[in-house]
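Working notes for the structure below.
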Amino acid sequence: MTDLLADDALPSTLTRARFDRLDGLVTTAVDDRTRRAVTEVFTGETAATVTECEPADVEYAVERAAAAQERWAERSIDERTAVVKRLHDIVLDRQDELLDLAQLESGKSRAHAFEEVLDVALTSRYYGYRAPDMLATERRDAAVPVLSSKAEVVHHPVGVVGVIAPWNYPITLAISDALPALLAGNAVVLKPAETTPYTALALVELLREAGIPHDLVQVVTGDGGELGPALVDSVDYISFTGSTATGREVAAAAGRNLVDCSLELGGKNSVVVLDDADLDDAVEGAVGACFTNAGQLCIGTERIFVDESLYDEFLSRFVAAVSDLSLGPGYEYGVDVGSLASGDQLETVEEHVADARERGATVHVGGDHRRDLGPYFFEPTVVTGLPDDARAACEETFGPVVSVAPVAGEREAIERTNDTDYGLNASVWTTNRDRGRAVAREIDCGTVTINGGYLETWAAIDAPMGGRKDSGLGRRHGKEGLMRYTESQTIAARNYPVTPPIGVQSEWYARALTASLRLWRKVPFLR
Ligand code: NAD
């Protein structure tokens, strides 16, 4: 094993015994798989290794999950919700174990990791209490009220759900999409990102402690290019979160197999500051929107459009606030911004900043790799004068880099916000909420927050969340986030025949029905 574990250089929850135990939860068809290194991001050193699954393991995991699913679906909804409610308490009680692992594998600050714990608790509580009503059999209108039939809609589980997760929110994105799937009576096979397997395994361990049947949730760890397609090809529904490029491949495979999928993909999100905005609030909100998780947040902000009347004042206050952010490693609370998650992320961020500089943009604060803090730290960075064709203007940077630009009023702000292939999230700052709502409706994004960065829409867990345009398909959260994992079945029981009785000529029957339909439309309670 590694020096890191031997030297006790890590928090006390991160022991060799714990890594070994969690690795034992990975599903493999045979015992002799190779291993993949898992890095402590703050130092770039190997902390542990994890099983490298192969496609045969995916097949085996799906088989086991499918067998467990049949038994789980027979359990009452109250038994299923009891597990998720218990998870709520366990995750809050054992949060330090999760925070330490998520920080190790992603390099984020403790406060940003805590947002993930919060999300799991909110999701568990919300679906734990609301799922029974959402899943209850519904009565629907029959063809001819009273006379013809009674219709009911039953919501069956789809079967085995594949959850493919990225590395940026290793706690939230490994489990929060799985919980509604489980409550709906499904099994889950989870494929976490290559770099964050242990956080996902720790969540599955807690789920088992909460009472989830052993085989119902399977985890396969390893290379996404190998395991992802195998998973998409063998499950009944795929819940994918990741890049738009991979999302397209997942959608194409799901289409070939005729299975449904939801795709939560990338973004190029904007903050819009209107001429009547409260500047103190807007500056504070924009800092959080841009630099939470070092900018590696799908709904985080990379572009700010400020009404020209407020531009100079906003920029100087924003730059001052960004300069005050602390950057660094640490498993304690107190550091504002953590590391980028990997060398790949660092490379993209450096390329975008270099490209911006070459094209004449001005860097007001930040702009540098902080090798002195750790291998992947990059300073929170604010640029202006970014040309529209610069990489940081049109591609997702997914790092701590934001451009600020003046706009001549609301119309230009909306047009520039919409001038991207993405459509994930935006935020509008104004002291007039009605105006904010009107502007929001013109923005082509799945979510828009008024006077907030992203937290308000994300935490409004009863409301659907997802992307438009290249930012995705389908929605998580709310009733939509659960019903996606169900197959509806309509059962109509006939009361009286609506076909012509034997002996009645079809023509007479058609005339009678035509007259009835005309009358029917005029009777309010029958419409
Ligand atoms: P990615 O697409 O590279 O990887 C995501 C997951 O897909 C990983 O588990 C990976 O192993 C797996 N994968 C890789 N190749 C695959 C294939 N051919 N088939 C199936 N799965 C495959 O994305 P990433 O770099 O891990 O994540 C960053 C991206 O995720 C950013 O674009 C970000 O905006 C997006 N994201 C979106 C949301 C959202 O809710 N919309 C949330 C977080 C991140």
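Of note:
- Taking the centroid of alpha carbons for each part, the range 111-134 and the range 334-396 are 33 Å apart.
- If R0 equals 56 Å, the separation of the Cβ atoms of R494 and D96 corresponds to a calculated FRET efficiency of about 0.40.
- Peptide ranges 419-425, 180-186 listed from the most packed, as the mean C-beta count within 10 angstrom indicates: 180-186, 419-425
- Relative contact order for the chain: 17 percent, from Cα pairs under 8 Å spaced at least 6 residues apart, divided by residue count.
- Global geometry of the range 51-120, whether rounded, prolate or oblate, following the gyration tensor of its Cα atoms and the 1.5 cut on a/c: oblate
- At 1.002 mPa s and 20 °C, Stokes D of the range 448-527 from Kirkwood alpha-carbon radius, µm² per second: 119 µm²/s
- Using a simple spin-label model with pseudo-atoms 7 Å out from Cα toward Cβ, V523 and A82 lie 4.8 nm apart.
- Projecting label points 7 angstrom from Cα along Cα→Cβ for R71 and N432 puts them 6.3 nm apart.
- Order of F240, F19 - criterion: other Cβ atoms within 10 Å of each residue's Cβ, fewest first: F19, F240
- Cα gyration tensor shape of the range 1-121, rounded if a/c is under 1.5, else prolate or oblate by comparing a/b with b/c: oblate
- Across q = 0.12, 0.21 Å⁻¹, the range 74-190 modelled as identical point scatterers on its alpha-carbon atoms has Debye log10 I(q)/I(0) values of -0.53, -1.13, in the order of the q list.
- The order of W520, W458, W429, going from fewest to most other C-beta atoms within 10 Å of their C-beta, is W520, W458, W429.
- Using alpha carbons only: equivalent-ellipsoid semi-axes of the chain, gyration tensor based, whole Å: 43, 33, 19
- Taking each residue as 0.36 nm, the span from D223 to T49 lengthens on full extension beyond its C-alpha to C-alpha distance by 61.3 nm.
- Fully extended contour minus Cα-Cα distance, from L258 to T514, at 0.36 nm per residue: 88.2 nm
- Globularity ratio of the range 380-483, using Cα Rg and 2.2 N^0.38 Å: 1.13
- Neighbourhood net charge (10 Å Cβ-Cβ; Lys/Arg +1, Asp/Glu -1) for T417: -2
- Spread of Cα-to-Cα distances over 5 Å intervals beginning at zero, given as percent, for the range 254-376: 2, 9, 15, 20, 20, 13, 9, 5, 3, 3, 1
- In the chain, a dipole from Cβ-located charges (positive for Lys and Arg, negative for Asp and Glu) runs towards its positive end, and of L104, V38, A66 it is A66 whose Cα lies farthest in that direction.
- Each peptide in 202-208, 268-274, 459-465 gets a packing score, the mean of other Cβ atoms within 10 Å over its residues, and the list from highest to lowest is 268-274, 202-208, 459-465.
- D368 paired with Y129, simple spin-label distance in nm, labels 7 Å along Cα-to-beta-carbon: 5.0 nm
- With contacts taken as Cα pairs under 8 Å at a separation of at least 6 residues, the range 57-186 carries a relative contact order of 33 percent.
- Debye, to nearest 20: dipole size of the chain, +1 on Lys, Arg Cβ, -1 on Asp, Glu Cβ: 3100 debye
- Radius of gyration (Cα atoms) of the range 287-334, expressed as a multiple of 2.2 N^0.38 Å: 1.36.
- Net charge contributed by nearby residues that have their C-beta within less than 10 Å of P400 (K/R +1, D/E -1): -2
- Likely footprinting exposure, L513, L87, fewest C-beta neighbours within 10 Å first: L513, L87
Where a number appears in this text, it was derived from the coordinates with a stated rule and is not lab data. Keep in mind that this is a model prediction, so the values were computed, not measured. Glycine gets a Cβ as well: all are built from the backbone with ideal geometry, and neighbour counts include every protein chain shown.
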